[in-house]
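Undergrad: Below is a structure I'd like to ask you about.
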Amino acid sequence: MKTKRKIISLVIGIIIFCFISFQYSGLAEYLRWQNAVKAASAFPYQIGLTKVAIIKCFTTGTPPICEGGLLCYTKDPATCTAYSDVSGAPAGGMGSNALFSNLAMAKAGLTPGGQLISGGMSPVLMDNGVLASAGGCYGCYAKAGIIDNFLNFFDYIIAGFKE
């Protein structure tokens, strides 16, 4: 009876070890990035950038107009400050700059100097699309599948061990 318990404990330990090594091996990040690529490819306008520069939009003048980056002028003064113009070196896609909401950039963890992949309806309508960076993904919930559910469950287990 004790031998059976030892074998079961050993098998459970091996399974937990395999899950932890899978999570920290980089494979999990690769799979999440691939899911972001799939989500972005569902939109008619895709963009991939490296060495990202972020310029916040701001209102100025009388009557107020939106200024800042190259695409900020397309926003009205009421929503101007909620957006930023993002540009960088093209790494694929259809352009080198786009307009993103500050909320989407915060949720995706986009930082200056980083990289991104995004999909949207146009360069100025990217806030209703997908934005992914090394920090995470905004709008990728539509492509969540079995692998994402498994990885999220495992994140929950690891968080429980850390506390």
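The values are calculated or read from the model by the stated rules, or taken from the named source; none is laboratory data. Computed from a predicted structure; not experimentally measured. Ideal geometry is used to build each Cβ from the backbone, glycine not excepted, and the neighbour counts take in all protein chains shown.
Undergrad: Taking residue 128 and the conditions (1) touching a helix residue (DSSP H, G or I) at 6+ places or on another chain (Cβ under 8 Å); (2) surrounded by fewer than 17 Cβ atoms within 10 Å (Cβ to Cβ); (3) closer than 12 Å to residue 40 by Cα, which numbered condition does it fall short on, given that it satisfies the others?
TA: (1)
Undergrad: May I pose another question? How many residues are of a type in the set (Gly, Ala, Ser), in a strand (DSSP E or B) and free of Cβ contacts under 8 Å to residues at least 40 places away in the same chain when one looks only at the stretch 59-106?
TA: 4
Undergrad: What do you reckon, is residue 88 more than 21 Å from residue 67 (Cβ to Cβ) and either at pLDDT 90 or above or of a type in the set (Asp, Glu) (or both)?
TA: For residue 88, the condition - more than 21 Å from residue 67 (Cβ to Cβ) and either at pLDDT 90 or above or of a type in the set (Asp, Glu) (or both) - is not met.
Undergrad: Here's a follow-up. If only one of 108, 98, 40 is buried (at least 16 other Cβ atoms within 10 Å of the Cβ) and in contact with a Pro (Cβ under 8 Å, 6 or more places away or on another chain), which one is it?
TA: 98
Undergrad: From the set of residues in the stretch 94-142 that are at pLDDT below 90 and among the aromatic types (Phe, Trp, Tyr), which is nearest to the chain's Cα centre (by Cα)?
TA: That would be 138.
Undergrad: Say we look at the stretch 50-63 and pick out the residues that are touching an Asp or Glu at 6+ places or on another chain (Cβ under 9 Å) and not basic (Lys, Arg); which of these is modelled with the lowest pLDDT?
TA: Only one residue fits best here, namely 61.
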